[in-house]
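Read the structure below first, then the notes.
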């Protein structure tokens, strides 16, 4: 595998920013790990960080580089700061950056596939919200999406936030605009989804001791009631921490590998 720290300028944000990228490499002599890389453009996972983190966090807290080696997946990890993957009321257009500029730039820098069957998105906490928001907003772009301990009921979370660092950030992100019933609301995106289109497979997991557990259960119930095809939910004892996410990103990668195998058939 090749691990790349990519610094570049974002026209959408108007600032220099960064992404961390893992690229597949075919290896046979590497001790302890054998790498795989397909001919042509690489299947790609967009892996999103949480509220307090940045584009480096997945490589610092997990063995994601080792986990993807055998899959042939490229991994693109962007930096969106505390934006909640939105176009901020008092800040920058991070949703436009994520969904429009980032894929185009990443594909111009690296040999990444734009085939929806070969594209995936996943994230933890705020990034879990971002992953499901992206997949439900643009279902034609992805084969699967994964939320690990995600903020799946953002409207409820915002209403419960008091005056603290998160609350001040939410004021910058949303201003006076509501979340419920808008394109920032996963429940609304679920209702708006196209009924006839091929939809990405969704995998949602949360620990039962996680402070976001109740919101995850509410979204689970809503998506199961909606009859969404290709949905999987799991829960087990666990908190909002890297021990939990390091375990379950491996389950997510197993899903992506299965989808890649299906795409070859």
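The values are calculated or read from the model by the stated rules, or taken from the named source; none is laboratory data. Note that the structure is predicted; figures quoted are calculated from it, not measured. Methodologically, a virtual Cβ is constructed for each residue, glycine included, from the backbone with ideal geometry; neighbour enumeration extends over all protein chains shown.
Data overview
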quantity: Strands (runs of 3 or more DSSP E) lying entirely in region 14-81 (those with 3 or more residues that are buried (at least 18 other Cβ atoms within 10 Å of the Cβ), in contact with a helix residue (DSSP H, G or I) (Cβ under 9 Å, 6 or more places away or on another chain) and without any contact (Cβ under 8 Å) to a residue 24 or more places away in the chain); calculated: none
quantity: When residues of region 205-221 are limited to those that are touching a residue at least 40 places away in the same chain (Cβ under 8 Å) and outside any helix (DSSP H, G or I), the one nearest to the chain's Cα centre (by Cα); calculated: 205
quantity: Test set (1) part of a loop (DSSP other than H, G, I, E, B); (2) surrounded by 14 or more Cβ atoms within 10 Å (Cβ to Cβ); (3) at pLDDT 95 or above - residue 101 fails condition number; calculated: (1)
quantity: For residue 69: the one exception among (1) at pLDDT 95 or above; (2) farther than 29 Å from residue 154 by Cα; calculated: (1)
quantity: Filtered residues of region 82-98 (kept if in a loop (DSSP other than H, G, I, E, B) and farther than 14 Å from residue 16 by Cα); calculated: 82, 83, 84, 85, 86, 88, 89, 90, 91
quantity: Restricting region 193-204 to residues that are surrounded by fewer than 19 Cβ atoms within 10 Å (Cβ to Cβ) and touching a residue at least 12 places away in the same chain (Cβ under 8 Å), the residue that is nearest to residue 216 (Cα to Cα); calculated: 193
quantity: Residue list for region 11-66, filter: farther than 23 Å from residue 240 by Cβ and within 17 Å of the chain's Cα centre (by Cα); calculated: 18, 19, 21, 22, 43, 44, 65
quantity: Filtered residues of region 224-241 (kept if within 25 Å of residue 194 (Cβ to Cβ) and under 18 Å from the mean Cα position of the chain (by Cα)); calculated: 230, 231, 232, 233
quantity: When residues of region 222-251 are limited to those that are out of contact with any strand residue (DSSP E or B) (no Cβ under 6 Å at 6 or more places or on another chain) and not in a helix (DSSP H, G or I), the one surrounded by the most Cβ atoms within 10 Å (Cβ to Cβ); calculated: 240
quantity: Filtered residues of region 104-123 (kept if within 16 Å of residue 256 (Cβ to Cβ) and not in a loop (DSSP other than H, G, I, E, B)); calculated: 112, 116, 117, 118, 119, 120, 121, 122, 123
